[in-house]
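What follows is one structure encoded as structure tokens, with my remarks underneath.
Just so it is clear, none of the values below were taken in a lab; they were calculated from the coordinates. If you're wondering where the values come from, they're calculated on a predicted model, not measured in any experiment. Don't worry about glycine lacking a Cβ; one is built from the backbone with ideal geometry, like all the others, and counts go over all protein chains shown.
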Amino acid sequence: MKDTAPHEDRGFDPEPSVRRAARALYEETRGLPIISPHGHVDPHLLADNEPFPDPASLIVTPDHYILRMLYAHGIPLESLGVATREDAVVETDPRAIWQRFAEHAFLFLATPTGAWLDHELREVFGIRERLDGDSAGRVYDEITARLAAPEFLPRALFERFGIEALATTDRASDALEHHRDIRRSGWKGRVIPTFRPDAAFQIAAPGWRAELDALARAGGAPIGTYDEFVRALEQRRRYFRELGATATDHGVLEPFTEPLSPADAERLFQQALVGGATAADQRRFEGQLLLEMARLSTADGLVMQIHPGALRNHSRMVFDRFGPDRGGDIPIATEFTRNLRPLLNAYGNDPRLTLVLFTLDESTYSRELAPLAGHYPAVRLGAPWWFHDSMQGMMRFRERTTETAGIYKTAGFTDDTRAFCSIPARHDLSRRIDANFLGGLVARHVIGMDDARRMARALAYDLAKQTYKL
Amino acid sequence: MKDTAPHEDRGFDPEPSVRRAARALYEETRGLPIISPHGHVDPHLLADNEPFPDPASLIVTPDHYILRMLYAHGIPLESLGVATREDAVVETDPRAIWQRFAEHAFLFLATPTGAWLDHELREVFGIRERLDGDSAGRVYDEITARLAAPEFLPRALFERFGIEALATTDRASDALEHHRDIRRSGWKGRVIPTFRPDAAFQIAAPGWRAELDALARAGGAPIGTYDEFVRALEQRRRYFRELGATATDHGVLEPFTEPLSPADAERLFQQALVGGATAADQRRFEGQLLLEMARLSTADGLVMQIHPGALRNHSRMVFDRFGPDRGGDIPIATEFTRNLRPLLNAYGNDPRLTLVLFTLDESTYSRELAPLAGHYPAVRLGAPWWFHDSMQGMMRFRERTTETAGIYKTAGFTDDTRAFCSIPARHDLSRRIDANFLGGLVARHVIGMDDARRMARALAYDLAKQTYKL
Amino acid sequence: MKDTAPHEDRGFDPEPSVRRAARALYEETRGLPIISPHGHVDPHLLADNEPFPDPASLIVTPDHYILRMLYAHGIPLESLGVATREDAVVETDPRAIWQRFAEHAFLFLATPTGAWLDHELREVFGIRERLDGDSAGRVYDEITARLAAPEFLPRALFERFGIEALATTDRASDALEHHRDIRRSGWKGRVIPTFRPDAAFQIAAPGWRAELDALARAGGAPIGTYDEFVRALEQRRRYFRELGATATDHGVLEPFTEPLSPADAERLFQQALVGGATAADQRRFEGQLLLEMARLSTADGLVMQIHPGALRNHSRMVFDRFGPDRGGDIPIATEFTRNLRPLLNAYGNDPRLTLVLFTLDESTYSRELAPLAGHYPAVRLGAPWWFHDSMQGMMRFRERTTETAGIYKTAGFTDDTRAFCSIPARHDLSRRIDANFLGGLVARHVIGMDDARRMARALAYDLAKQTYKL
């Protein structure tokens, strides 16, 4: 067995002066607490604090990065244990799933998934051999043994990972029972919800009416008009804030904003109630609601996040058979300058608003996002997201935004993950790449080492904490 | 005379650890056979195996990369011997054309054309001095002397270049006489056609009716209905396959796909027959036919290639005077996510389909293409194409696709050239850049050297062979 | 006090072979005269040759790069002394403004503004300490002392900066009084106007009618018809040429061109005269006028520049309160291939036209602009502009255009600045980055050092001089 520890200098430019600076900067940030202001960890994990069941359901099945790549190489999702909507027969043996994954681990070479996995196996689980078809069984057994130990319970890991704050993502109608349980339990870990009302805004989606009803139940008041709808949202925001929320999040296809007249808003809402809303209606409705959300944020202080540009469930077959979040979402070109103008003209100069913008369209970094952040006081740039939180992706983000917006209008790192045990790996990679970016600036004599130290700390910790008011 | 051999390390990053790794990886791939699965070499060359006439008509006149740059600097195409449609007087002295080219060779500094030319002159023709106005005559004489020798006949070069398979590009109505001649000749070189039915799909183009008639003649059956049209295409695909074809290719302005009802397809076809099809009609017709092609590929196994995004014959003056392929095509922004959704939903999950996607719009690499390839089993990413098969262009392709799709969903290198003698130079440059890309990953400790070796071989040889079933 | 001179090697890649080549190339260009063919320096400065008033109004208040970043961090423009349209109370103490700026100087770390500022303070004003809240007062006093000296008068600085030619930007109706004064003064500095008729083209803008009247007054003839309008423009071009102009410039939202029939042009013009033109009308009118301008350029030889893609005054609040050019302009995605086709088909092959294209949308570099410049004789690529004249931005420009268009279809550097004292800093940074780009090619053995020297000189001096006929 060959010890295949991830190299201490991974991710750093090999040129000695860059590497030296990058190393020194990384040394200052690697041990900082983790601020995770946006992600998809199931709060149930930390509420119940039960042991993770097995390596496959811990690492493989919930990770759409892994599923999508395996599926793209012709491996059926059923054989990876992904449940179908119609309860077809799927693989249930976690060891077989793990073996299948391990045999294809080479597909993740040079991808962030591969880098995170290596880090996670080594640093979280102490695995010292490389995962492949041959080692799969041994690695499986090692992880299984670890998972049984108390120091691998979710809360123990949370503490060991040095997580200072972890935000989950939750529907507007969510009762936040797990968050309440965590609070009631007396455990000191800071786990907070994020208000994500997408389902309540998607008036053309089949599930909208059910979500509206859930919202009404959650708020304890019927919702029959647009005004009642907005009041319900306002009330839910208050509830989320009581449980620690500091932010909202909005996933939209386009970041379109445009005010509707009260009459038009009401008309759209009534049309939706009778099931008659089209995709175009939804776009207008969402465009109005983003404005409402910005307005409410100026009042209640919740940081507003927009995550646009993913065409969800592009693959109908995968969606119909397996449901959402199985790797079948594909980005589209995204326009911010015109789309956000109404919102920014209304609230972008208001010191009470913080608006964090994310994108899947890297061509907007230098063209639209950095100029917007470099002008409007409210705007901050979210971390490179989803397909782009990779080594090259993070470098591109810094290279394309820093010269126009500086680093102090960016919002720190966002791991955005469902995969709890990958959190340290993701933050570590981000800290490495930011150190490497700054190290390159030092080596090119663009900034000095003292400045770089302050900037590294800001990127790794301060900016996320400030931006998200944590 | 100063010996100006291209440097042995050209294209490699100067940082010693990257260069060392890149060199080692390149050593493993430089001698591998050439798989050329997509290009525009005239099969006539290899069927007749006659000597190339002279340096100008070998190197200058057929190369639209060279013509476009010289033209862009005000050199009339007539003075380069490019025939006009109306038989105007053009330069006929190849030595004069060569001289003109040589005097402007400095314009190609830092371009791939310059790099290919240096390689070709040195490695194919053994020229040891740099081409410029002063050396032009001597270089001309040296090449001319070589061309007379039997080892410079096309087939001898084919073998010396180590070409394992070479695909040409051919109209649907092409009788493939040259391919038949090659087969009949007993020569063992593998030269195969590619089914490219663009002319038969372009119902708004003036030449469509003539192509349809040629298709009917080739198939030996009249084509009076849409169904007969599709059957004729199916029959021609069979014929191409008999002569070794493994792939189809489709050049469209947009990769738009959308099924037509049988009635609508028939109506469009009848409208085209009477000469009444518009550009919008053609778009819909092509959108339907791409679906037909994908369907047929699932049956006959031909790999489907889409090359979208070139606005052909942008310069009407150049087109009217000199015809197509003279450097006057300009790319446009291209959308894949929505346009390909119907095709991918119908066939993208089908293990029998291989769909290779090319682009001229680099902003789609990370935004659309890598995510599509990283999800749909059918999709492979074609090599950086045309304006982008350059050093920086190939690096950008790898940097923007690998982290999402890995390298194993890419299709290997495609030289895409008419210029037969430049084939080794183009593959060599590609192998260098891929070695350099992987060498950079090794030096940054993202992958190990053993992995890198396997990956280098895959990029240089295996992936093209597998993807195109060669 | 720590001496914080900008490092001699700033901007150069740290890899020793690149740095060595970059240094050597930069040594050849750093002392070349400055050609500034496009900028916004107020000619009044050089006509009057009065001392600059104080550090704040010299460096802070006129620089929208500085204003936008400070504003983006919540610093009111009023507190920086920016006058409001309604004469609200603003900060009038230049020392207080300077202090505020200095306290936030860290925001400009790793931005071009920061790099220019360091260079300007050191090289122009001899400041030896770093600007921050602590040093602000001392630096203020030092600059103030310098400004009183005769060698800091604008003309003395012009000469010390080594400016060979400086073009300003002027309305079509401008009487060019300051330019006349400069000529009359006998001073030998070459300061020339640029014909920028935007305001006369924007028929949907509130100020259009006033500009038309000014144009008529300037031309000494009434303008009642479209033909009279074009004749007035033609006459003004003549006037500008008499005062040394060699170029026109056109800021449009889109580079849309499409000929109007004479009747349609007249109808639009008459509609505008009665105040009834819409944004769509203006687009068509501008599309026609760009064609008129290209036509006139083929006759009078003025180089034509197009600067598209900025959505001006995105922030209505900032515009309404402070007027234009305060940092509230945001780029949009820009299309060149289709939009410019009519113009290029009409005049792009004409050897008498030079058309310099700029962009704020970097995705067009390799997709559209380099292919256009690599085909049409008339087209040259303007320098990376505005948000993109930064270290990384300039590298991206070279990396994305050189391989398709070569360097000899680019137009040299354009500082595009209002901030007179930053001119040397901007040209210096550009020369450094071009040297670094070429040094990288040398180190990768793509070009030789002799070629690189010629190319460095071309980029720093020759190309601007040739392109702009200076």
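Using a Cα distance threshold of under 21 Å, what count of lysine pairs results for chain C when pairs must be 8 or more residues apart or interchain? Taking chain C as the scope, the lysine pair count is 4. Taking Lys and Arg as +1 and Asp and Glu as -1, the other residues whose beta-carbon sits under 13 Å from that of A:TRP116 total -4. Take the Cβ atoms of A:ARG316 and A:MET449, set R0 to 45 Å, and the FRET efficiency comes out at 0.25.
Peptide C:326-338 shows a mean partner chain C-beta count of 6 within 10 Å per residue C-beta. From most to least packed by mean Cβ count within 10 Å, the peptides C:226-238, B:438-450 give B:438-450, C:226-238. For the protein assembly as shown, what class follows from the C-alpha gyration tensor (a ≥ b ≥ c being the square roots of its eigenvalues): rounded when a/c is under 1.5, otherwise prolate if a/b is larger than b/c, else oblate? It is rounded, given that a/c, with a ≥ b ≥ c, falls under 1.5. Calculated [222 nm] ellipticity per residue, helices only, for chain C: -13500 deg cm²/dmol; basis is -39500 (n - 2.57) per DSSP H run with n ≥ 4, divided by all residues, nearest 500. Shape class for region C:54-149, computed from the alpha carbon gyration tensor (a ≥ b ≥ c): oblate, with a/c not under 1.5 and a/b at or below b/c. For region A:4-34, trypsin sites (Lys or Arg not before Pro) are listed when DSSP marks them as loop and at most 16 other Cβ atoms sit within 10 Å of their Cβ; the list is A:ARG30. Each of A:LYS465, B:LYS409 was scored by other Cβ atoms within 10 Å of its Cβ. Arranged with the fewest first, they read A:LYS465, B:LYS409. Ordering A:344-355, B:302-313 by mean Cβ neighbour count within 10 Å, with the highest value first, yields B:302-313, A:344-355. The magnitude of the dipole of chain A, with charges of +1 and -1 set on the Cβ of Lys/Arg and Asp/Glu and taken from the Cα centre, is near 1060 debye. Note on chain C: dipole from Cβ charges, positive end direction compared against C:ALA247, C:HIS178, C:VAL60; the farthest Cα belongs to C:ALA247. Relative contact order, percent, of region A:17-108 when contacts are C-alpha pairs under 8 Å separated by at least 6 residues? It comes to 21 percent, rounded to a whole number.
Exposure proxy for B:ASP434, C:ASP181, C:ASP132: other Cβ atoms within 10 Å of each Cβ, ordered fewest to most, give C:ASP132, C:ASP181, B:ASP434.
When the dipole is taken about the Cα centre of the protein assembly as shown, and only Lys, Arg (+1) and Asp, Glu (-1) are charged at their Cβ, what size is it in debye, to the nearest 20? Write out the running numbers ahead of the final one.
Values: 174 positive and 201 negative charges, 147 e Å.
Here the size comes out at about 700 debye.
Of the DSSP beta bridges with both residues in chain C, give the percent that are antiparallel, rounding to the nearest 5. Intermediate values should be presented prior to the final figure.
On the way: 2 of 23 bridges.
Taking every DSSP beta bridge with both residues in chain C, the antiparallel ones total about 10 percent.
Scanning chain B for long hydrophobic helices, with DSSP H runs required to stretch 18 angstrom or more by C-alpha along their axis and to average at least 0.0 on the Kyte-Doolittle scale, returns B:423-443.
Take the Cβ atoms of C:ALA175 and C:ALA263, set R0 to 41 Å, and the FRET efficiency comes out at 0.75. What GluC sites (Glu not before Pro) in region B:1-71 are in a loop by DSSP, with at most 16 other Cβ atoms within 10 Å of the Cβ? Sparse-neighbourhood loop GluC sites (Glu not before Pro): B:GLU8. Peptide A:294-304 has a mean shielding of 0, counted as Cβ atoms of other protein chains within 10 Å of each residue's Cβ.
Please arrange A:THR92, B:THR113, B:THR410 by how many other C-beta atoms lie within 10 Å of their C-beta, fewest to most.
A:THR92, B:THR113, B:THR410
For chain C, with the dipole built from +1 on Lys and Arg beta-carbon atoms and -1 on Asp and Glu ones, taken about the Cα centre, which of C:GLN202, C:ALA218, C:PRO351 lies farthest toward the positive end? Of the options given, the answer is C:PRO351. Computed about the Cα centre, the dipole magnitude for region C:246-328 is approximately 340 debye when only Lys and Arg (+1) and Asp and Glu (-1) carry charge, each at its Cβ.
Averaging sequence separations of C-alpha pairs under 8 Å and six or more residues apart, then dividing by the length of region A:276-345, give the relative contact order as a whole percent.
Contact order relative to length: 26 percent.
If you count, for every residue in C:431-438, the Cβ atoms of partner chains within 10 Å of its Cβ, what is the mean? The partial results should precede the final answer.
Details: counts 0, 1, 0, 0, 0, 1, 1, 2.
The shielding value for this peptide is 1.
Every Cα-Cα pair in region B:313-446 was counted, and those over 21 Å apart are 50% of them. Measuring nothing but how far apart in sequence close Cα pairs (under 8 Å, 6+ apart) lie, relative to its length, chain C scores a relative contact order of 21 percent. Label-point spacing for B:ALA280 across the identical copies (point 7 Å from Cα in the Cβ direction), in nm and ascending order: 1.5, 1.5. With its label point put 7 Å out from Cα toward Cβ, B:ALA263 sits 4.0, 4.0 nm from the same residue's point in the other copies, in order from shortest.
Calculate the FRET efficiency for C:ARG217 and C:ALA96 from the Cβ-Cβ distance with a Förster distance of 51 Å, rounded to the nearest 0.05. It comes to 0.75.
Look at the dipole of region B:258-318 built from charges on Cβ: of B:MET293, B:PRO259, B:GLY275, the Cα furthest out on the positive end belongs to B:GLY275.
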